[in-house]
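Colleague: Supplied in structure tokens, the structure appears directly below.
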Amino acid sequence: MKKVLLVVVFLLLVAPMAQAQAPWTAWLYDSENGEIWQVDQTGAVLNNRILPTVMAHDRYSDRLTVSDHGQRMAYSVYSSSMNTTQFLVYDVASDSMIATYTPPALLIGDSPSITGVAFNRLGTAVAYGYLLESIEWQIVVLDITTNSVIFQISSSDPSVASIVGDFPYTVPIPQSYGSAEVHYTVLPYGTEGPLQLQSFRWDLLTNTVTETVIYNQLQADTLPSSGQVTVALFDERLPNIIDTLMFPIQFNTVQVYDPSVFGRFPVLSNADWSFSAPAFIEGGVRLIAPAYVIPEDRWTYPIIQRNGTIDGYAPIALDRPGNISGTSAGFVYLSNPAAATPSGYSSALYYVNSSVAIDSGLLLWTSDRLVSLAWVGPRTTMESAGLAAWTMLAPPLALASGSTISPADAAPGDGEVGSLTIGGGAVINTTDGDRLNMRSGPGVDFSRLARLADGAQVIVLEGP
């Protein structure tokens, strides 16, 4: 009897070490014919459909964007004969196209042909970006219920023209859509572009644009509740071998933007590696960061703790680094190995319960087609709470210029001590360990962008 009781107690002590598994499903997408599959965590196919198109538009966009709740999808269709583009929104429950948008002229490119668009959290509006043949780019916010444009911004707008950069052909890529703001990245079209892309925040209420350090790469992963974002970036402050490379392209760090410190900082660095498309796993407890080992010409997949240590390496094979997405207890990945199929490839979906073991995972679904992993969710039910802070290998970058905020920056200028000036510095003062909620607008109904601790140093961007 004592042995049985000891076993029970041991199990009770060990069980909490594994992350609780929240139900999830995955959407997979074939851009050749617009076919989609919804696969659950057991491998069962819940839905298999062909996305609708419009007359004479025979090609689908490379990317499909799925709303946070997994029930709405946004994509573009293109006409080979007329060179026209239609942006469409599809609803899973009604199995119908519920919103459309026609760009005002012929396009050079649009965001669904590159990485995608951005739904708001309710799935009731979506931000779509494109580059016109006139070399002007635009972002529109489409209200899905009324099928109408409710916000629009252009590269020709005075507030934008001064900060769009030196590249004449650029496509705006919406990355996230909060309650009153759209974050987007500007991509030089048809080029590899700089090592660090420009990232901007568009305030929908004031129609103003400010540069940020949040989405400086296209392949970024975001935790919806905390607002933390992870990207792979080159950081000259840490060891690298970029000057020895024939093609000087290297992303030697994995970085995290954390709203609570109002900055982005490296959490892992390796001089010989080039990281790509890191993703939060286990509800944000850890990261997986695909890395190309330059001297050895191979890929590796380290699992990274919040203290910056590597717990192990996932023995997986990814043909596209972006085909990976976290769940509450692990992660899902899609492999596209070469095969004797019409496309020359096949597809295999795996689930790895990495909170229990770091292995190659459980095979859930296969196809003889080349498909991509469009979505795994719902993310809002899979994020863990009360997690430790991420380690910082270098001071956080809080300004788009790449400078760090120092105490001198927060010192009063010509005004009186305690006065605030636009563009000047300020120090947050709180009591009893409280944090100041910084919101996207005046009032508690606006979304929270960050929680600032006592002594945090900030730059005043706007005000009365």
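Colleague: Looking only at segment 159-177, filter to residues that are hydroxyl-bearing (Ser, Thr, Tyr) and modelled with pLDDT under 85; which one of those is surrounded by the fewest Cβ atoms within 10 Å (Cβ to Cβ)? Steps first, answer last, please.
Modeller: Keep residues of segment 159-177 that are hydroxyl-bearing (Ser, Thr, Tyr), which gives 159, 162, 169-170, 176-177.
Among the residues that remain, those that are also modelled with pLDDT under 85 are: 159, 162.
Numbers: SER159: 15, SER162: 8.
The residue in question is SER162.
Colleague: Another question, then. Answer yes or no: is there a residue in segment 32-42 that is at pLDDT 95 or above, among the charged types (D, E, K, R) and in contact with a Gly (Cβ under 9 Å, 6 or more places away or on another chain).
Modeller: Restricting attention to segment 32-42, the residues satisfying the condition of being at pLDDT 95 or above are 32-42.
Imposing the further condition that a residue be among the charged types (D, E, K, R) reduces the set to 32, 35, 40.
Keeping just the survivors that are in contact with a Gly (Cβ under 9 Å, 6 or more places away or on another chain) gives none.
Checking segment 32-42: not a single residue is at pLDDT 95 or above, among the charged types (D, E, K, R) and in contact with a Gly (Cβ under 9 Å, 6 or more places away or on another chain).
Colleague: For segment 301-315, indicate whether the set of residues that are in the same structural domain as ALA398 (by TED's automatic domain parsing), of a type in the set (Ser, Thr, Tyr), over 18 Å from the mean Cα position of the chain (by Cα) and outside any strand (DSSP E or B) is non-empty. Spell out how you get there, then give the answer.
Modeller: Within segment 301-315, the subset in the same structural domain as ALA398 (by TED's automatic domain parsing) is 301-315.
If we keep only those that are of a type in the set (Ser, Thr, Tyr) too, we end up with 301, 309, 313.
When the remaining residues are screened for being over 18 Å from the mean Cα position of the chain (by Cα), the result is 301, 309, 313.
With outside any strand (DSSP E or B) added as a condition, the list becomes 301, 309.
Yes, the conditions are met somewhere in segment 301-315.
Colleague: Mind checking which pairs have a first residue in segment 126-154 that is of a type in the set (Asp, Glu) and assigned to a strand (DSSP E or B) and a second that is surrounded by fewer than 18 Cβ atoms within 10 Å (Cβ to Cβ) and at pLDDT 95 or above, Cβ under 8 Å, 6 or more apart or different chains?
Modeller: That search, which allows pairs on different chains as well, returns ASP143/THR124; ASP143/VAL149; ASP143/ILE150.
Colleague: For segment 178-199, what are the residues that are over 24 Å from SER274 (Cβ atoms) and at pLDDT 95 or above?
Modeller: Here is the first cut: in segment 178-199, the residues over 24 Å from SER274 (Cβ atoms) are 178-184.
Within segment 178-199, GLU181, VAL182, HIS183, TYR184 qualify.
Colleague: Let me ask you something else. How many residues does segment 316-343 contain that are more than 18 Å from PHE280 (Cβ to Cβ) and either of a type in the set (Val, Ile, Thr) or not in a loop (DSSP other than H, G, I, E, B) (or both)?
Modeller: Number of matching residues: 3.
Colleague: Spot the failing condition for LEU51; the list is (1) of a type in the set (A, V, I, L, M, F, W, C); (2) surrounded by fewer than 16 Cβ atoms within 10 Å (Cβ to Cβ); (3) without any contact (Cβ under 8 Å) to a residue 40 or more places away in the chain, and only one is missed.
Modeller: (2)
Colleague: Confirm whether ARG298 is modelled with pLDDT of 95 or more, basic (Lys, Arg) and either surrounded by fewer than 19 Cβ atoms within 10 Å (Cβ to Cβ) or in contact with a Ser or Thr (Cβ under 7 Å, 6 or more places away or on another chain) (or both). Lay out the reasoning, then the answer.
Modeller: On the way: modelled with pLDDT of 95 or more: yes; basic (Lys, Arg): yes; either surrounded by fewer than 19 Cβ atoms within 10 Å (Cβ to Cβ) or in contact with a Ser or Thr (Cβ under 7 Å, 6 or more places away or on another chain) (or both): yes.
Yes: the conditions hold for ARG298.
Colleague: Which numbered condition trips up ALA279, out of (1) more than 16 Å from the chain's Cα centre (by Cα); (2) buried (at least 21 other Cβ atoms within 10 Å of the Cβ)?
Modeller: (1)
Colleague: Looking at segment 67-106, which of the residues that are among the aliphatic types (A, V, I, L, M) and in a strand (DSSP E or B) is farthest from GLY377 (Cα to Cα)?
Modeller: As a first pass, look at segment 67-106 and keep what is among the aliphatic types (A, V, I, L, M): 73-74, 77, 82, 88-89, 92-93, 97-99, 105-106.
Of the ones still in play, those that are also in a strand (DSSP E or B) are 73-74, 77, 88-89, 97-99.
Working: MET73: 13, ALA74: 16, VAL77: 25, LEU88: 22, VAL89: 19, MET97: 22, ILE98: 22, ALA99: 23 Å.
Going through the qualifying residues, I end up with VAL77.
Yes/no per residue for (1) farther than 22 Å from ASP30 by Cβ; (2) under 19 Å from the mean Cα position of the chain (by Cα); (3) among the acidic types (Asp, Glu):
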residue	(1), (2), (3)
ASP91	no, no, yes
PRO104	yes, no, no
PRO112	no, yes, no
ALA127	yes, yes, no
TRP137	yes, no, no
THR146	yes, no, no
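Colleague: Another question, then. Consider TYR345 against the criteria (1) surrounded by fewer than 19 Cβ atoms within 10 Å (Cβ to Cβ); (2) under 26 Å from ILE249 (Cα atoms): it satisfies all of them except one. Which criterion is unmet?
Modeller: Answer for TYR345: the failing condition is (2).
The values are calculated or read from the model by the stated rules, or taken from the named source; none is laboratory data. Remember, it's a predicted structure, so these values are computed and weren't measured experimentally. Note: ideal-geometry Cβ built from the backbone for every residue, glycine included; neighbour counts use all protein chains shown.
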